[in-house]
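Have a look at the structure below before the remarks.
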């Protein structure tokens with residue numbers, strides 16, 4: 001974690017990379033007021049958002065926070081699978097529960113179905129309160145498609161984590177090879193912790209009859225840093241989601257540069273058109289997605305169907321090389337970062353419970369832009385002329401996924 005804390009203080013672009021546009025107070029004020037008014041959610045000031053890059057930084061920070069808990073630990077996740085990481089987190093939760101800390105664990109009924117039963121038994125025996133969000137066999141077919149994809153950890157009501165990480169061995173390491181996924185997660189301190197706690201509470205309330213107890217003190221959050229943060233919750237259901245409004249406002253507010261990294265790129269044509277329109281009005285738009293190491297090949301093909309239109313509009317597309325790219329990060333004009341659990345696919349935008357942070361903090365944006373530079377250096381660009389001449393077999397695969405695109 002020390003490596004990332006130092007990077008947040010001394011971030012600079014890599015040699016030869018294009019530096020971001022200079023941020024101005026007016027630019028930040030404009031986008032802040034647009035986000036607050038059009039989403040109806042105020043930003044909070046005085047937050048600290050610390051980026052954690054890959055499992056070697058993410059899990060030690062999360063485990064340190066859990067082990068230091070004195071009153072409460074609330075953890076919700078879509079993925080809780082297998083391996084040493086899953087056992088280490090379970091042991092830390094179990095130890096705190098046995099010591100008298102209230103520990104609540106909310107698992108998605110579909111995404112966490114691969115959890116090891118001895119691990120689950122160890123936690124419940126120690127007193128961890130485990131709840132399952134929408135267990136598939138107990139749901140109507142309609143509800144089964146709407147999952148809890150949020151990843152939130154809140155400790156003692158004053159420290160939180162969110163981002164893309166799952167509790168599984170795939171996320172261990174430092175993205176050195178195909179067995180270690182590339183990820184970015186975030187530690188949050190300050191008033192924005194309340195928004196993440198609310199995201200947990202919203203889904204816990206659906207699964208449990210008790211929302212809080214005497215160990216919840218509801219303290220005022222102290223000043224922790226300089227970041228202004230808006231916490232945006234996307235909820236599963238029919239209708240226009242706040243996630244879509246957030247991304248639309250951000251893209252339409254961009255003036256010079258947009259950089260997007262996403263694990264699953266399969267939006268609808270309207271959102272792809274918005275990306276293209278952003279590039280056509282002169283904004284530099286870069287999109288970084290998984291390459292051949294994706295864990296969802298069908299989703300990759302659905303996204304590739306959109307490349308031609310994006311490339312024609314001037315969007316630059318990169319496919320990550322070393323391993324599965326699972327990060328979800330968007331930066332705009334060196335000023336704003338949008339991070340959290342959501343992907344640029346129909347599932348995140350239309351179907352699943354998600355939580356995102358819109359962060360006004362130039363230092364954070366600089367760190368995330370430097371990460372993008374590093375990731376782009378080991379990615380393959382998609383040239384427009386070569387893509388237009390791709391084999392018919394590639395076009396067939398892209399078209400074949402059309403019937404299931406809305407579920408990806």
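Each reported figure results from applying straightforward, stated rules to the coordinates on display, with no laboratory input. Just so it is clear, the model here is predicted, and its values are computed rather than measured. Using ideal geometry, Cβ is built from the backbone for each residue, glycine included, and neighbour counts are taken over all protein chains shown.
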If we restrict to alpha carbons, what Rg and Dmax does the chain come to, in Å? 20.4, 65
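Which order do the peptides 158-167, 241-250, 65-74, 201-210 come out in when sorted by mean C-beta neighbours inside 10 angstrom, highest first? Walk me through the numbers on the way to the answer.
Numbers: 158-167: 24.9, 241-250: 20.3, 65-74: 18.5, 201-210: 14.6.
So the order, starting with the most tightly packed, is 158-167, 241-250, 65-74, 201-210.
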Compute the distance from the alpha-carbon center of the stretch 250-308 to that of the stretch 82-125, in whole Å. 35
Nearest 10 degrees, 0 to 90: what angle lies between the long axis of helix 55-67 and the longest principal axis of the chain (Cα atoms)? 20
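Set the Förster distance to 41 Å, then compute FRET efficiency between residue 277 and residue 298 from the Cβ-Cβ distance, nearest 0.05. Mind showing how you got there, number by number?
Values: r = 27 Å, r/R0 = 0.66.
Taking R0 as 41 Å, the efficiency between residue 277 and residue 298 is 0.95.
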With everything on Cα atoms, drop me the angle between helix 362-377 and the longest principal axis of the chain, reported from 0 to 90° to the nearest 10. 60
Restricting to bridges with both residues inside the chain, how much of the DSSP beta-bridge set is antiparallel, in percent to the nearest 5? 65
Give me the extension gain from residue 26 to residue 124: residue separation times 0.36 nm, minus the current Cα-Cα distance, reported in nm with one decimal. 30.1 nm
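Helix-derived [θ] at 222 nm for the chain: sum -39500 (n - 2.57) over DSSP H runs of at least 4, divide by residue count, nearest 500?
-11000 deg cm²/dmol
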Order 88-94, 334-340, 58-64 from most to least packed using the mean count of other Cβ atoms within 10 Å. 334-340, 88-94, 58-64
Theoretical FRET efficiency, 1/(1+(r/R0)^6), r = Cβ-Cβ of residue 209 and residue 378, R0 35 Å, to 0.05: 0.10
Kirkwood-Stokes translational diffusion coefficient of the stretch 241-305, alpha-carbon pairs, 37 °C, 0.692 mPa s, µm²/s: 259
A student applying the Cα gyration tensor rule (rounded when a/c is under 1.5; otherwise prolate if a/b is larger than b/c, oblate if not) would label the stretch 20-71 prolate
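With viscosity set to 1.567 mPa s at 4 °C, what whole-number translational diffusion coefficient in µm²/s follows for the stretch 295-375 from Stokes-Einstein and a Kirkwood radius over Cα pairs?
On the way: Rh = 14.4 Å.
Using the Kirkwood radius from Cα pairs, D works out to 90 µm²/s.
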Of the candidates 187, 32, 281, which one comes out as most mobile in a Gaussian network treatment of the chain with C-alpha springs shorter than 10 Å? 281
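Just the number, please: Stokes-Einstein D of the stretch 247-363 in µm²/s, Kirkwood Rh from C-alpha pairs, 25 °C, 0.890 mPa s. Walk me through the intermediate numbers first.
Details: Rh = 14.3 Å.
D, rounded to a whole number, is 172 µm²/s.
Could you tell me the calculated FRET efficiency between residue 387 and residue 56, based on Cβ-Cβ distance and R0 = 45 angstrom, to the nearest 0.05?
Details: r = 35 Å, r/R0 = 0.78.
It comes to 0.80.
Over the Cα atoms of the stretch 157-254, Rg to Rh with Kirkwood Rh, two decimal places? Show your work: numbers first, answer last.
Numbers: Rg = 16.8 Å, Rh = 16.5 Å.
Looking at the stretch 157-254, the ratio lands at 1.02.
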